[in-house]
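Notes follow the structure.
The values are calculated or read from the model by the stated rules, or taken from the named source; none is laboratory data. All values derive from a computational prediction rather than experimental measurement. Methodologically, a virtual Cβ is constructed for each residue, glycine included, from the backbone with ideal geometry; neighbour enumeration extends over all protein chains shown.
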Amino acid sequence: MFSLDHQSATPLVVQVVEGFRELVDSGSLRAGAKLPSIRQFAHMHGISVYTVVDAYDRLVAQGYCVSRPHSGFFVRRRADALQPEPLAEPVSTGEYRFDAMWYMQRIFENRALRLKPGCGWLPGEWLFHDGVRRSLRALAAEDADLGGYGEPKGYLPLRQLVRDLLAEHEVAASAEQLLLTQGSTQALDLVARQLLRPGDAVLVDDPGYANQLSALRFQGARLIGAPRTAQGYDLELLEERVRQHRPKVLFTQPRLQSPTASTAQVAHLYRLLQLAEKYDFVVVENDIYADLDPEPRPTLASLDQLRRVVYVSSFSKTISPNIRVGYLAAHPDLLEELARLKMVSGLTSSEFTERLAYGALLDGRWRKHTKALRDRLAVAQQRVASELLDLGFELFAEPKAGMLLWARHPRITDSTELAYRAAEHDMLLGPGHLFTIDLQPNAWLRFNVAHCNDPAVLAFLRAQLG
């Protein structure tokens, strides 16, 4: 077949992909031929099964192979092997087409991994489980009617409560301008499907929110990077790309952004809104980490008052990700269109879980819980940042709040390879390419400080860095 050079600077996964491509292009592997099983190939070449999974997924994405459930991977008929059109601009000339959907699937398949320093959620014991249990008992005692559908826009008392919470942050919105959703993911998906069509240019944070990038690629949007800095945005480059591509929408996380943990300065928010007005695009503000921020600060929604801004948030990060309750606030005309789309695509969201979240938010211990959570994260931020710096990592930003840190090390060139080795040690890391537009290998890693308290995490990193 072909051999791998374990001493080469070329990553093993790239060697596997190039080896199979050469065999197919030369005719040595003909259409319909079955590739070795993942475990078989890994054993034959002394490499990680995760490396083989990555390589096979890239071959499928490039049109060289097809995956057949329960059967394996097979060489694709070349007449059907059309190269996928690039969905992102700017696009790399490399061959890397690794889809972040792979990462999403592995996250949920590998929740049983003992260590999760790269995940995007808080440990269960950090969440408001006691409040959820009290709300559940109260809801059961009410003998609630579970036989019908909920309100199209969501449970009215919860929308009214969200209205009041937004008012505390100087966003004036009526309950009719609020739509409850199944987490922030559905909210972002509804906005994207309402405002975008395949081929439309859309601005996104780069690096950015992995789930959102994956969803937009799936929809066929042309991703245009809005480069992040530790202070917010590279405004000069951002305006240049806006002029060139004339995007319809910008999806952004100004506060405690994933993966960089950076928070945009207020001056950057004003400038971004000026660009939106000048070049006529909608701004979607993803503020899912608002409850983790100890500092009161303006949002795009508060500065714009929902004229051009759609505001999205969720209770998944602080109450529980399992109850899947999020919301969006928007201009009344757009909100009505989004509510109709929600009905068409999934009828109503779950009133039961919305009432469950409502009861937890009314719990007298809710504000005490969020204050304690922010304090706990601040301590973890300081400790993990110090440990990473001691190991020689460079931090993109030092937020001193929230759950994330974005870091790279001069000895790491491809964080994906490190993530595969981590998985073999029962550990989930967040490799940097998953959060970028071009999906190219890079040195960056996303760390969740709430999951870095086990000494084994630091020991693994120290061992890998030699």
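The table below gives the values:
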| read-out | value |
| --- | --- |
| Test for Ser184: is it within 25 Å of Val344 (Cβ to Cβ) and out of contact with any strand residue (DSSP E or B) (no Cβ under 7 Å at 6 or more places or on another chain) | no |
| Contacts under 8 angstrom Cβ, first residue in the stretch 441-455 being in a loop (DSSP other than H, G, I, E, B), partner aromatic (Phe, Trp, Tyr), 6 or more apart | Pro441/Tyr96; Trp444/Phe396; Trp444/Trp406; Trp444/Phe435 |
| Only one of Leu179, Leu190 that is part of a strand (DSSP E or B), closer than 30 Å to Trp366 by Cα and touching a Leu at 6+ places or on another chain (Cβ under 6 Å) | Leu179 |
| Options Ser314, Ser320, Ser349; residue that is touching a strand residue (DSSP E or B) at 6+ places or on another chain (Cβ under 6 Å), farther than 29 Å from Leu272 by Cβ and polar (S, T, N, Q) | Ser349 |
| So Gln381, is it modelled with pLDDT of 95 or more and not assigned by TED's automatic domain parsing to the domain that holds Tyr155 | yes |
| Some residue of the stretch 225-237 being of a type outside the set (Asp, Glu), assigned to a helix (DSSP H, G or I) and over 18 Å from Arg308 (Cα atoms) | yes |
| All positions within the stretch 176-186 that are hydrophobic (A, V, I, L, M, F, W, C) and at pLDDT below 95 | none |
| Check on Thr185, more than 14 Å from the chain's Cα centre (by Cα), surrounded by fewer than 21 Cβ atoms within 10 Å (Cβ to Cβ), within 28 Å of Leu429 (Cβ to Cβ) and in contact (Cβ under 8 Å) with a residue 24 or more places away in the chain | no |
| Any chance Leu361 is under 30 Å from Tyr149 (Cβ atoms) and at pLDDT below 95 | yes |
| Search result, residues across the stretch 9-37 that are crowded, with 18+ Cβ neighbours inside 10 Å and among the hydrophobic types (A, V, I, L, M, F, W, C) | Leu12, Val13, Val14, Val16, Val17, Phe20, Leu23, Val24, Leu29, Leu35 |
| The listed residue being more than 20 Å from Lys317 (Cα to Cα), at pLDDT below 65 and assigned to a loop (DSSP other than H, G, I, E, B), out of Glu95, Glu170, Glu151 | Glu95 |
| Val242 vs. criteria assigned to a strand (DSSP E or B) and modelled with pLDDT of 95 or more | no |
| Breaking point among (1) under 20 Å from Tyr289 (Cα atoms); (2) surrounded by fewer than 23 Cβ atoms within 10 Å (Cβ to Cβ), for Thr348 | (1) |
| Where Ala397 falls short, out of the listed (1) aliphatic (A, V, I, L, M); (2) free of Cβ contacts under 8 Å to residues at least 24 places away in the same chain; (3) not in a helix (DSSP H, G or I) | (2) |
| Among the candidates Asp5, Asp57, residue that is free of Cβ contacts under 8 Å to residues at least 60 places away in the same chain and assigned to a loop (DSSP other than H, G, I, E, B) | Asp5 |
| Neighbours by Cβ (under 7 Å, 6+ apart or cross-chain): first from the stretch 27-50, closer than 21 Å to Thr416 by Cβ and assigned by TED's automatic domain parsing to the domain that holds Gly72; second part of a loop (DSSP other than H, G, I, E, B) and modelled with pLDDT under 85 | Ala42/Ser48; Ser48/Glu424 |
